[in-house]
Amino acid sequence: MKRMFGHPAWVILLLTLTARAGEYTAVLEWSQRAELSTPLSGIVASVLAIPGQTVDTGALLLGLDPTPYKAQVAEARAETDRLAEDEADAQRELARAQELYARTVTATTELDAARLKHARATAALAAAQARLERARWQLAQTEVRAPFPALILERRAEPGMTVAAQCQPPVLFRVARADEMIARARLTPSQASSVRPGMKAEVSVAGKSHRGEVRGVNYAAADTAAYTVDVIIPRQDGMMAGLAAGLRLMP
């Protein structure tokens, strides 16, 4: 058999025919894998999801003990209320100083002092409001929720566990999209040259065909002249990462 560029001619012919037909061997992969954590430190109070479970967007997966963060919110709210009263008093004093100055009863220095007091009270109130907003945000972060319809791939937390997030927040869950899968095929540069995101495709898994769409064409690795094509398909029961699939691109 005649050889071309180090490969038998029949291999080159087979690749050419495959590229023309737009049919490739693919492997199913999880779509939109994500590692979930929390930026806070604390004690895990509850864990509500297990590996293999599917959950809706926003479903509560884990909760830290919120007690210290609720206390911070209460403290920040009290400080904000106090400084709001101070700002209101400073505003009233400024209004009186402006009125007296307009009637030439007081000097400019007294008006300037009232203005300065009001400006400081306003700045202090704004800072307190920012601290209250931050405390509320931290309280919300005590709950880890699903960012999308999710399949729980791995759970790394148990009730009573201490989470220390000062340096590197620990991974508490690994999840993937529960409603879609990726069919990934490896293509040569010539095969990938005509593939564009948005192209329609057909993926066959276990003898069943599924309509999909090309999400991306990625350069595989720096040391190999190859590309991977990702096709998104709806996830059906029984679809798992690692399953073999057939991929046909629609021109």
query = Residues of region 5-41 being surrounded by 13 or more Cβ atoms within 10 Å (Cβ to Cβ), assigned to a strand (DSSP E or B) and modelled with pLDDT under 95, which ones?
reply = E23, Y24
query = For E202, which of the numbered conditions (1) buried (at least 17 other Cβ atoms within 10 Å of the Cβ); (2) among the charged types (D, E, K, R); (3) under 27 Å from the mean Cα position of the chain (by Cα) fails to hold?
reply = (3)
note = Within region 53-92, the residues that are touching a strand residue (DSSP E or B) at 6+ places or on another chain (Cβ under 7 Å) and among the acidic types (D, E) are D65
request  = Determine whether L151 is more than 25 Å from G52 (Cα to Cα) and of a type outside the set (F, W, Y).
outcome  = no
key: Conditions (1) more than 19 Å from the chain's Cα centre (by Cα); (2) at pLDDT 95 or above; (3) not acidic (D, E): number failed by F173   = (1)
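Got a sec? Which of S209, S190 is at pLDDT 90 or above, hydroxyl-bearing (S, T, Y) and surrounded by fewer than 15 Cβ atoms within 10 Å (Cβ to Cβ)?
On the way: S190 fails: at pLDDT 90 or above.
Being at pLDDT 90 or above, hydroxyl-bearing (S, T, Y) and surrounded by fewer than 15 Cβ atoms within 10 Å (Cβ to Cβ) holds for just one of S209, S190, which is S209.
The values are calculated or read from the model by the stated rules, or taken from the named source; none is laboratory data. Because the structure is predicted, anything quoted here is derived from the model rather than measured. Glycine gets a Cβ as well: all are built from the backbone with ideal geometry, and neighbour counts include every protein chain shown.
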